[in-house]
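Before any comments, here is the structure.
The values are calculated or read from the model by the stated rules, or taken from the named source; none is laboratory data. All of these numbers come straight from a predicted model, not from anything done at the bench. Note: ideal-geometry Cβ built from the backbone for every residue, glycine included; neighbour counts use all protein chains shown. Each accessible area value is taken on the protein alone, full model and side chains, heavy atoms only, with ligands, DNA and RNA left out. Shrake-Rupley method; radii C 1.70, N 1.55, O 1.52, S 1.80 Å.
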Amino acid sequence: MARKRHKPEEIVAKLRQVDVLTAQGQSIAEAVRTIAVTETTYFRWRAEYGGLKSDQVKRLKDLELENARLRRAVSDLTLDKLILTQAARGKLLSPARRRACIDQVRAELGVSERRACAVLRQHRSTQRKPPRGRDDEAALTADIIALAKAYGRYGYRRITALLRHAGWAVNAKRVQRIWRREGLKVPQKQPKRGRLWLNDGSCVRLRAERPNHVWSYDFVEDRTHDGRKFRMLCVIDEFTREALAIRVKRRLNSTDVLETLADLMILRGPPAYVRSDNGPEFIAQALRDWIAAVGSQTAYIEPGSPWENGYCESFNSKLRDELLNGELFFSLAEAQVLIEAWQRHFNAVRPHSSLGYRPPAPETIIPRGGTVVPWASAPAVEGARSPNQTVASANAIH
């Protein structure tokens, strides 16, 4: 027969009954027998509830419940702190990392999946759902690695543009995830350039408003394998960012500058302005008179302010970073061939961030019927490259 479990109020009532009987002259043993418990139980009750009234017992019960609740809260907070301490060894930015961290916490602390997911803010369905890779993940990864090998100074955004041009329907976030997972090199951060608006002591800024409005030119120097210098005259259109010419010779003077401009103006017509620094080749009186005679104007930057010729300086840095720093020229002829190939690649293939990741002068595709299709819609026409042909153009300059 199961023993009855007395409530605190019943215990207090029985203790008061014993007190009344003993006050009438009965012994404790006789009084205890009337409440149907043993003397051991009576003395235990009296030690725990002796001198208390019913309302005090209720208050004591509430305090015990509150104390138990606080103990559970402290225990839960301590356990949550242990879980967070165990997971604080790295940032949990992705569901995969949270999933691995929760598994580790459960193995080391023995907590439930529900508690670990609640503390680390991972939905349980996400924790239980096994990750599934896409069917084209391997092919996309292979193409990204191939493009990264071909263009070692490109970041994932420019690689994304090349993949889209090749027919891949992929966004930059997915390419970035694969890029980081494969440990591909991220280009070095370029130094900040000067502002393009008016500054104290600068010349009046002239913004290009249309193609063939403002040309910029400047010199770049490099050396062949035998240590001999050669110079490059770079001419760009500031509006389209197109590299109009890169002339490579051992020595370049004002006559070479005039010949280069003359060849370009015959093909494209004279620009409204030609911007340059104050180098001796550019400020020569003969060159200035010739530019004025063909209907163009010179726009010289302030001395010692190369940021005022920012478009050309930016182009020069790309030329050096993507080609000159990675190539070893054994002869001037080799340098001329490789630089010309890079110029064609820069104009027709290389995505430009300021142009919405399109090349400055993209090649056109002429499908059946003879209609010219621009670069942006080239993958949608017949004859466009498939994703498996992504790297076909990657070897154009190699």
Inset, instruction - Determine whether segment 4-23 contains at least one residue that is surrounded by fewer than 12 Cβ atoms within 10 Å (Cβ to Cβ) and either touching a Cys at 6+ places or on another chain (Cβ under 6 Å) or at pLDDT 80 or above (or both). - result: yes
Legend entry - In segment 288-346, residue least open to solvent (accessible area, probe 1.4 Å) [restricted to those that are closer than 24 Å to V186 by Cβ and among the basic types (K, R)]: K318
